[in-house]
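Participant: I'd like to ask you about the structure that follows.
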Amino acid sequence: MKKLKVLLVDDEIMIREGFKRLFDWETHGCEVVGEAADGMEALGQIDALLPDIVIMDINIPVMNGLKVIEVSRVKHPEIAYVIVSGYDDFAYCRQALRLQISDYILKPVNYEEFGSCIDNLKISMYKNKTSEQKHSENREERVISSITRYMQEHLSEEISLSVLSDEFHLNPQYISQLFKNEIGVGFLAYLTNIRIEKAKKLLLSTALSVTEISSLAGYGDYRVFTKVFKKTEGVTPSQFRREFLDRENAEI
């Protein structure tokens, strides 16, 4: 499993060294990727390193920790923050809660308790990520289901990525990718398949002419339809129907 990236922010070098040396990040599935001694440096490191977790003191120079979190939240809402402070101040705690801080730990740090904090945070982050992935997957499944249903219902009409884009207000490239991700084939391959399948059903269950079936299957030109059908099935539409009728007659 991928290690979580951690950024340490404290103006006291001994505190930062303590976190690096006295806590077993490896055991807890994390690695320290950077550190900062003041608020502005912290913002720069957050932008550059994109850590999963930031361990932050409140009272740091230039810009205090809570302000750093407030500013960085705008660009990086997914990052988790743990406040480590020497102040058991209700006002700080209340502001930290407002900023949705993951935890508020008092100095001196009890590393055993800190380990529990990191483990709980990892579990929470995993659940959130899983929930987001499921939501995204469910949404994509609903979208592709709606698109394919629309295609089946409008098969005799023009269907293209551009048409679907206008109908569903989605980017054509996104729709194209959905077909590959959710169905496993490209858009054109899927469209050709359902058109030929409809044509086959009509050839076997009706007395409609090839030209009429071509139109109902979405091919304006029966010659194009015949060419595509033969390439897909190995025989022309007329041969396909005739062979089926011959087999039926032979069985009778």
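Participant: List, in order, the whole-Hz ³J(HN,Hα) value for each residue of the range 61-75 obtained from phi through the Karplus relation with A = 6.51, B = -1.76, C = 1.60 and θ = phi - 60°; use x for Gly and Pro.
Facilitator: x, 6, 8, 5, x, 5, 5, 4, 5, 4, 6, 6, 4, 4, 8
Participant: Still on this structure: Using a 1.4 angstrom probe, figure out how much accessible area the chain has per residue, in square angstrom, rounded to the nearest whole.
Facilitator: On the way: 14910 Å² over 252 residues.
Per-residue value: 59 Å².
Participant: Additional query: Take the alpha carbon atoms of the range 111-149, find their center, do the same for the range 1-46, and report the distance between the two centers in whole angstrom.
Facilitator: Between the Cα centres of the range 111-149 and the range 1-46 lies a distance of 25 Å.
Participant: Run lengths n ≥ 4 of DSSP H only: what is the helix-derived mean residue ellipticity at 222 nm for the chain, with -39500 (n - 2.57) per run over all residues, to the nearest 500? Each step should come with its number before you reach the end.
Facilitator: Working: 11 runs with 152 residues, N = 252.
Taken over the chain, the calculation gives -19500 deg cm²/dmol.
Participant: Out of the range 150-234, which GluC sites (Glu not before Pro) are coil in DSSP terms and have no more than 10 other C-beta atoms within 10 Å?
Facilitator: Details: sites: GLU153, GLU157, GLU158, GLU167, GLU182, GLU197, GLU212, GLU233; in loops: GLU157, GLU158.
Listed in order of number, the matching sites are GLU157, GLU158.
Participant: Right, here's the next one. Hey, can you grab everything whose amide H is under 5 Å from the amide H of MET63? Only 5+ residues off in sequence or another chain; H modelled, so Pro and N-termini drop out.
Facilitator: Here GLY39, MET40 satisfy the definition.
Participant: Largest first, please: the extent of the C-alpha atoms of the chain along each principal axis, to the nearest Å.
Facilitator: 91, 36, 28
Participant: Projecting each Cα onto the charge dipole of the chain (Lys/Arg +1, Asp/Glu -1 at the beta carbon, about the Cα centre), which of MET56, VAL163, SER124 comes out farthest on the positive side?
Facilitator: Farthest towards the positive pole: VAL163.
Participant: Moving to a separate point now. About the Cα centre, and with charges only on the beta carbon of Lys, Arg (+1) and Asp, Glu (-1), how big is the dipole of the range 76-190? Nearest 20 debye, please. Before the final figure, lay out the partial values.
Facilitator: Numbers: 11 positive and 17 negative charges, 56 e Å.
Taking the Cα centre of the range 76-190 as origin, the dipole is about 260 debye.
Participant: Also, quick follow-up: Dividing the convex hull volume of the alpha carbon atoms of the range 122-191 by its residue count, what do you get in Å³ per residue?
Facilitator: Working: hull volume 5.9 nm³, N = 70.
It is 84 Å³ per residue.
Participant: For the range 135-252, give the percent of accessible area contributed by carbon and sulfur heavy atoms, probe 1.4 Å, rounded to a whole number.
Facilitator: Details: 3590 of 7360 Å².
For the range 135-252, the apolar C and S fraction of the accessible surface comes to 49 percent.
Participant: Something else: Could you tell me the center-to-center distance, by alpha carbons, between the range 66-84 and the range 206-252 in angstrom?
Facilitator: Using only Cα atoms to place each centre, the spacing works out to 64 Å.
Participant: What ³J(HN,Hα) values, in whole Hz, does the Karplus curve 6.51 cos²θ - 1.76 cosθ + 1.60 give for the range 6-22 when θ = phi - 60°, with x put for Gly and Pro?
Facilitator: Karplus values, whole Hz, x for Gly and Pro: 10, 10, 9, 10, 7, 6, 9, 4, 5, 5, 5, 5, x, 4, 6, 8, 9.
Participant: Something else now. List every residue whose amide H lies under 5 Å from the amide H of LEU4, counting only residues 5 or more places away in sequence or on a different chain, with H placed 1.01 Å from N in the peptide plane.
Facilitator: Those lying under 5 Å, H to H, from LEU4 are CYS30, GLU31.
Participant: While we're looking at this one, here's another question. Could you give the dipole magnitude of the chain about its Cα centre, charging the beta-carbon of Lys and Arg +1 and that of Asp and Glu -1, in debye to the nearest 20?
Facilitator: Details: 31 positive and 39 negative charges, 256 e Å.
Dipole size: approximately 1220 debye.
Participant: What are the ³J(HN,Hα) couplings of the range 203-210, residue after residue, when phi is run through the Karplus curve with 6.51, -1.76, 1.60 and θ = phi - 60°? Round to Hz, x for glycine and proline.
Facilitator: Each residue of the range 203-210 in turn: 5, 8, 10, 9, 9, 4, 6, 4 Hz.
Participant: Could you point to the residue in ALA189, TYR174, VAL210 farthest towards the positive end of the chain's charge dipole, with +1 and -1 charges on the Cβ of Lys/Arg and Asp/Glu respectively?
Facilitator: So the residue we want is VAL210.
Participant: With all protein chains present, calculate the accessible area of MET125 using a 1.4 Å probe and round the result to the nearest 10 Å².
Facilitator: 40
Participant: Can you list the residues, at least 5 places off or on another chain, whose amide H is less than 5 Å from the amide H of ILE105, using H built in the peptide plane?
Facilitator: Those lying under 5 Å, H to H, from ILE105 are ILE83, VAL84, SER85.
Participant: About its Cα centre, how strong a charge dipole does the range 120-252 have in debye, to the nearest 20, once Lys and Arg get +1 and Asp and Glu get -1 at the Cβ? Numbers along the way, then the final one.
Facilitator: Details: 19 positive and 18 negative charges, 96 e Å.
Charge dipole of the range 120-252: 460 debye, to the nearest 20.
Participant: Considering Cα pairs under 8 angstrom that are at least six residues apart, work out the relative contact order of the range 1-134 and quote it in whole percent. List each step's numbers first, then the result.
Facilitator: Details: 188 pairs, mean separation 28.4, N = 134.
Relative contact order for the range 1-134 comes out at 21 percent.
The values are calculated or read from the model by the stated rules, or taken from the named source; none is laboratory data. Owing to the predicted nature of the structure, the values given are computational and were not obtained by experimental measurement. Counting neighbours? That spans all protein chains shown, and the Cβs are built from the backbone with ideal geometry, glycine included. Quick note on the areas: whole protein, heavy atoms, side chains included, nothing else; ligands and nucleic acids left out. Shrake-Rupley method; radii C 1.70, N 1.55, O 1.52, S 1.80 Å.
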